[in-house]
Each structure stands twice: as structure tokens, then as C-alpha cells.
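Below: one structure, written as C-alpha cells.
The values are calculated or read from the model by the stated rules, or taken from the named source; none is laboratory data. If you're wondering where the values come from, they're calculated on a predicted model, not measured in any experiment. So basically every Cβ, Gly included, is an ideal-geometry build from the backbone, and we count neighbours across all protein chains shown.
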């Protein structure tokens, strides 16, 4: 998953190199598939851009902290992959697909809990309705994230070429399940590698 250089990745998300490093250090960044840092040094992809943008848009639109937005995006990475795959192929037969975020407030007005769910408006609302009356709900349409990413790629100078489909297979197909199994293993190895590197640094 290294179809972008670091410089292209920065241009895609309109980030400064120092800003990216700071966000990674503070656990405020998301890389595909649900990672807090690239799987390998210099390893960036269009999907990293998609997930990083998703987190950034939650921060700006749902008004939650960058770290909370990143945590939600990492936690829901598989559901997001399925949702994005459907949106890219216009398979939203049951309505628009959203990344819904519920922010629960205490009696003192402070945030107590933030949760997220991916699905149609009704599906997401059903999952999050247990948040209670002291909660605000924001629903981010996935098609807006995809459209924004492609606009960013076109506006980058020089332009960045993105693949026709960011998710290489349609959901609920053998090809998608094979790809997802490969991604899960890729993620598992990346996490083990990060843990080993951290342990070595702390030794």
C-alpha cells in the first residue's frame, strides 16, 4: 500500500510535514487500515488519504477533538471500507451511507463519551439512539468524503492521480472478502511491528 510518496500524501491532505509528524506523535492521525502511523516509513496510499480526511472532517464538522475523531475512524475502519466500496460503485440501494457520531454530554455540559457507527441514516440512528437525550448527533455522508478527496487530488499542484476505485472490490463478494482478509493480516503485522519498535525504544 505504497502508491503515494510522502510529498504526494502531504499535498493530497494539504498538510505540512511538521503538522503530520505532530499529529502522529499525538495519536491524532489515521492511516489505513485503522493504524495510528504508516505501516512502514515512507509507506503512504490513497486509502491513507481517505481515512485521514475522514478523521479531519469529523473533527471540523462534528466538532470533536482530533484524537477522538482519529480513534473513531480507526475503530470503524472495516465498516468504513464496506461503506466506501458501496458509495464508489453507487450501491446505496437503501439510501445514503453515513459515518454518524454521537457526542454524549454530562449534566455539567462536559463530554462524557463519543461513539460512532457507519450505515444508512436509519441504521446509524438505530445504533446510536442509546446515547440518550444528552447527546448530539452528526452524520457525515461518505460520498462527501470521497468527493472531497478527489477534488483535493485535482487541485494539488501537480495533480495527484487516484485509482478509479479506492476500495478494489465490491462489498459482499468473494473478491472483497479475500481482499479484506489480506488487509486484516497486513494490519496485524503492522501493529506487531509498531509494538516491537516501541518496546525496543523504551528498553
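Quick one: in the range 73-91, of everything that is surrounded by fewer than 23 Cβ atoms within 10 Å (Cβ to Cβ) and in contact with a strand residue (DSSP E or B) (Cβ under 8 Å, 6 or more places away or on another chain), which residue is farthest from residue 180 (Cα to Cα)?
Per the criteria, the residue is 87.
Based on what the data block shows, is residue 14 surrounded by fewer than 14 Cβ atoms within 10 Å (Cβ to Cβ) and out of contact with any helix residue (DSSP H, G or I) (no Cβ under 6 Å at 6 or more places or on another chain)?
Yes, satisfied.
Just to confirm my filter: which helices (runs of 4 or more DSSP H) fall fully inside the range 114-203 and include at least 3 residues that are assigned by TED's automatic domain parsing to the domain that holds residue 67 and touching a helix residue (DSSP H, G or I) at 6+ places or on another chain (Cβ under 8 Å)?
Of the helices (runs of 4 or more DSSP H) lying wholly inside the range 114-203, those with at least 3 residues that are assigned by TED's automatic domain parsing to the domain that holds residue 67 and touching a helix residue (DSSP H, G or I) at 6+ places or on another chain (Cβ under 8 Å) span 142-155.
Can you tell me which of 42, 95, 52 is out of contact with any strand residue (DSSP E or B) (no Cβ under 6 Å at 6 or more places or on another chain) and at pLDDT below 95?
Step by step, each of 42, 95, 52 is checked, and only 42 is out of contact with any strand residue (DSSP E or B) (no Cβ under 6 Å at 6 or more places or on another chain) and at pLDDT below 95.
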